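To keep things clear, I will list the structure first and then write my remarks on it.
The values are calculated or read from the model by the stated rules, or taken from the named source; none is laboratory data. Here the structure is a predicted model, which is why all the values come from computation and not from measurement. Positions of Cβ are backbone-derived with ideal geometry, glycine not excepted, and every protein chain shown enters the neighbour counts. Protein only, heavy atoms only, side chains kept; ligands, DNA and RNA dropped before computing areas. Shrake-Rupley method; radii C 1.70, N 1.55, O 1.52, S 1.80 Å.
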Amino acid sequence: MAASAAFALLFSNLPQPLRRRRPPPPMLSTLRLLRRHHRRRRLAAASSAAMSSSGGASSSSSSGERHGVGRSPNRLAAEHSPYLLQHAYNPVDWYPWGEEAFEKARRKDVPIFLSSMKCHVMEVESFENDEIAKILNDGFVSIKVDREERPDVDKVYMTYVSALYGGGGWPLSVFLSPNLKPLMGGTYFPPDDKYGRPGFKTILRKVKEAWETKRDALEKTGNVVIKQLRDALSAKASSQDIPNDLAVVSVDNCVEKLAGSYDPKFGGYGSAPKFPRPVENWVEFMITLEVAFIDIVWMSAGMMLYDQGQIANVYLDTFLITGDEYYSSVARDILDYLRRDMIGEEGEIYSAEDADSAEYDGAPRKREGAFYVWTNKEIEDTLGENSELFKNHYYVKSSGNCDLSRMSDPHDEFKGKNVLIERKQASLMASKCGKSVDEYAQILGDCRHKLFDVRSKRPRPHLDDKVIVSWNGLAISAFARASQILKSEPTGTRFCFPITGCNPEEYLGVAEKAARFIKEKLYDSSSNRLNHSYRNGPAKAPGFLDDYAFLINGLLDLYEYGGKIEWLMWAAHLQDELFLDKQGGGYFNTPGEDPSVLLRVKEDYDGAEPSGNSVAAINLIRLSSIFDAAKSDGYKCNVEHLLAVFQTRLRELGIALPLMCCAADMLSVPSRKQVVLVGNKESTEFRDMVAAAFSTYDPNRTVIQIDPRNTEEMGFWESNNAIIAQMARSSPPEKPAVAHVCQDFKCSPPVTSADALRVLLNKTVAAATSSAAA
């Protein structure tokens, strides 16, 4: 496809536009594309390992609502998103994504400028610049999108930019026709021409000129590109048959690629800066524990969190495998941070805290990492005699410690500042100091407490109190799982600040309150529909695949680990066909009901967050082991069809789909293990039995809790799995807790004590491991 002269001029500073070829496969984003997005969080996130201080799992949506002096607000002032409110007083006449903006563009017959995801630099340089604002206001309709509120819109145009130029990133800057077809796009544009490259002012003038003189060619190009992307992103499989070796080949391929880029010294993959994907650790667990443990030790030493729920689950699994309370402590640290700083009055879990904050009250501007970093003198003044021990442990230097690579601080923003990062294990450092591990850990905890008190007097980063269903689903999973897994911590385990050392059952209450908030505020039971997010009321955007898949995953964990049948019933109800491609297989990312969203994508890339299709595949496998054959067969057919859609990607590029590789592996297991616990759920014996059921690591296990005295539960099982109902009826009523362990259509003799269940489960895990090795 040849570009027009004007079109070529527009892109003269960029790679050539798409030609007559199919765009790259779905989910073009890679870790490289995430770097810009995450760089602003790395210091905040790294500090959380030391003091559970970061809000850094997810990207923050705002650095605060800013009011321009003497300016009237634009239409963003009526929005709920903190990110959009940040731009409410820009001189740019911003509109939110919606029909009002589209209608204005059609009426004025001008292009749309779309900006997605915050960039403080571009905001200051361009969006607060009166000259640039005038060009935008006179010749364009400007739309601001919060990609966390509208990931569907962001996905369309990020896919376009990535396909056209071979890469993308945020901030996303795209020009559209009034009918929303893309004309050109990019990421960050400096305000003025520099180094032979056009600045934002020049680009705006060139786009306006091309629109007026070469409009037909621009629109034709946009139409063709969208059509090509639509064809490329609607992967289909005519059959649900998948090769018998798909699981082995895909997992082996994934592990081989991971091993080839592994850093044995510092953990992680590739060179700095590293942005770990929690899903990679699940693959590691399946193959080589040594690599997994090294990796997550270093990840805790300087956590790059996109989502705390995923990371907490990785550490919970590692604790189960090793029995080392170091890993359970890291999981507690993350969850305690969320409880302390990120949960609302009704149990909702907020999105993030910003990495930028004022260095002091009244500071004219915010600085990245200001809340989290320390000078050498601040630490010495605060900690006194223990300062040297603390500085050695956390790699604190008088010159600053952002020097581990050239990419740690490329612009010298943190010269003389220190991020608290553990480079050596506490046991080694304690030995060097001639102290016991417990004494050494207590000193570090006391020091962290003192620094925490000092830091609490600093201006806090802005809290993004937006509630996103998908992210809450991931956190619900972690809190629910922690409520049982942490009961396996050794008796007498000591905890140091900031870990509270609470009863693990408190975490279950956190998970249930978050789920209850979503059900009451973001769910319409009459239509069985979710809204995507909440802030001062539900957002306009509907729930997307990730929202449903991640929430279902959390609800299944909430049922298995907590035992309330209502969460299983809701999970099964949500697993409907709203996003399912019944003919082609797999799930689209949107319901397809919004005509302004030009693409429905079947996402497969497991990045900082897993893909909705990967999580949906695992959900289907888990549900198939709970329900009777009538429903189970349907779930299995859907997951087989899903894997058939992505089988080429799984075989050839498994490293991009690590969690889907896990799903393929789970499906290859002939029969999942069922642990059916029957009895009085309020009794101590039953609670001990539940804890025993989760005292071993087994990703191919399903735990079913049932109280035969509960008529609602018995009715559910009578309707959905009569065999489970019969187990409940036939269990000795005089026993407060009875466990049945079943696999391959055979059940072991029931046991009536937690210790007996542990022995039985350890035997079955050992047998399964031996069988897999053979």
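A few remarks follow.
- When ALA664 is tested against (1) exposed (fewer than 15 other Cβ atoms within 10 Å of the Cβ); (2) in contact (Cβ under 8 Å) with a residue 40 or more places away in the chain; (3) closer than 22 Å to ALA571 by Cα, just one condition goes unmet, and that condition is (1).
- Among the residues listed as ARG230, ARG205, the single one being farther than 24 Å from LEU653 by Cβ, touching a residue at least 24 places away in the same chain (Cβ under 8 Å) and open to solvent by 70 Å² or more (accessible area, probe 1.4 Å): ARG205
- Of the listed requirements (1) open to solvent by 20 Å² or more (accessible area, probe 1.4 Å); (2) modelled with pLDDT of 95 or more, ILE421 misses just one: (2).
- Being surrounded by fewer than 21 Cβ atoms within 10 Å (Cβ to Cβ), of a type outside the set (Lys, Arg) and on the phi > 0 side of the Ramachandran plot is a property that does not hold for GLY199.
- For PRO82, the conditions (1) surrounded by 23 or more Cβ atoms within 10 Å (Cβ to Cβ); (2) within 22 Å of MET158 (Cα to Cα); (3) at pLDDT 95 or above; (4) touching a Ser or Thr at 6+ places or on another chain (Cβ under 8 Å) are fulfilled apart from (3).
- The set of residues in the stretch 76-100 that are part of a loop (DSSP other than H, G, I, E, B) and more than 27 Å from the chain's Cα centre (by Cα) comprises ALA88, TYR89, ASN90, PRO91, VAL92, ASP93.
- Verdict on ARG481 being of a type outside the set (A, V, I, L, M, F, W, C), assigned by the TED database to the domain that holds ALA539 and buried (at least 20 other Cβ atoms within 10 Å of the Cβ): yes
- Looking across the stretch 311-338 at every residue that is farther than 14 Å from LEU486 by Cβ and touching a residue at least 60 places away in the same chain (Cβ under 8 Å), the one that is surrounded by the most Cβ atoms within 10 Å (Cβ to Cβ) is identified as ILE311.
- When LEU258 is tested against (1) at pLDDT 90 or above; (2) crowded, with 19+ Cβ neighbours inside 10 Å, just one condition goes unmet, and that condition is (1).
- VAL703, sole failed condition from (1) out of contact with any strand residue (DSSP E or B) (no Cβ under 9 Å at 6 or more places or on another chain); (2) closer than 18 Å to ASN619 by Cα; (3) hydrophobic (A, V, I, L, M, F, W, C): (1)
- Annotation: of all residues in the stretch 525-539 being open to solvent by 60 Å² or more (accessible area, probe 1.4 Å) and polar (S, T, N, Q), the one that is nearest to ARG150 (Cα to Cα) is ASN536.
- Looking only at the stretch 110-133, and only at residues there that are open to solvent by 10 Å² or more (accessible area, probe 1.4 Å) and β-branched (Val, Ile, Thr), the one that is modelled with the highest pLDDT: VAL110
- Test result for TYR188, surrounded by fewer than 20 Cβ atoms within 10 Å (Cβ to Cβ) and either in contact (Cβ under 8 Å) with a residue 12 or more places away in the chain or in a loop (DSSP other than H, G, I, E, B) (or both): yes
- From the list LEU451, LEU428, the lone residue that is part of a helix (DSSP H, G or I) and within 30 Å of the chain's Cα centre (by Cα) is LEU451.
- When residues in the stretch 563-593 are screened for being of a type in the set (Asp, Glu), touching a strand residue (DSSP E or B) at 6+ places or on another chain (Cβ under 8 Å) and crowded, with 16+ Cβ neighbours inside 10 Å, 1 of them pass.
- Long-range neighbours under 7 Å by Cβ, at least six apart or interchain, first residue among the aliphatic types (A, V, I, L, M) within the stretch 524-536, second open to solvent by less than 50 Å² (accessible area, probe 1.4 Å): LEU530/VAL469; LEU530/LEU522; LEU530/TYR523; LEU530/GLY543; LEU530/ASP547; LEU530/TYR548
- Selected residue [on the phi < 0 side of the Ramachandran plot and without any contact (Cβ under 8 Å) to a residue 60 or more places away in the chain] from ASN710, ASN680: ASN680
- Failed criterion for THR648 (all others in (1) farther than 26 Å from LYS519 by Cα; (2) hydroxyl-bearing (Ser, Thr, Tyr); (3) open to solvent by less than 10 Å² (accessible area, probe 1.4 Å) hold): (3)
- Residue in the stretch 600-612 that is in contact with a strand residue (DSSP E or B) (Cβ under 9 Å, 6 or more places away or on another chain) and open to solvent by less than 10 Å² (accessible area, probe 1.4 Å) present: yes
- Check on VAL153, farther than 15 Å from ALA88 by Cα, aliphatic (A, V, I, L, M) and open to solvent by 10 Å² or more (accessible area, probe 1.4 Å): no
- Count of the stretch 435-478 residues which are within 21 Å of GLU353 (Cβ to Cβ), of a type in the set (Asp, Glu) and open to solvent by 30 Å² or more (accessible area, probe 1.4 Å): 2
- Residue ID - nearest to LYS487 (Cα to Cα), chosen from residues in the stretch 681-700 that are part of a loop (DSSP other than H, G, I, E, B) and either acidic (Asp, Glu) or open to solvent by 50 Å² or more (accessible area, probe 1.4 Å) (or both): TYR697
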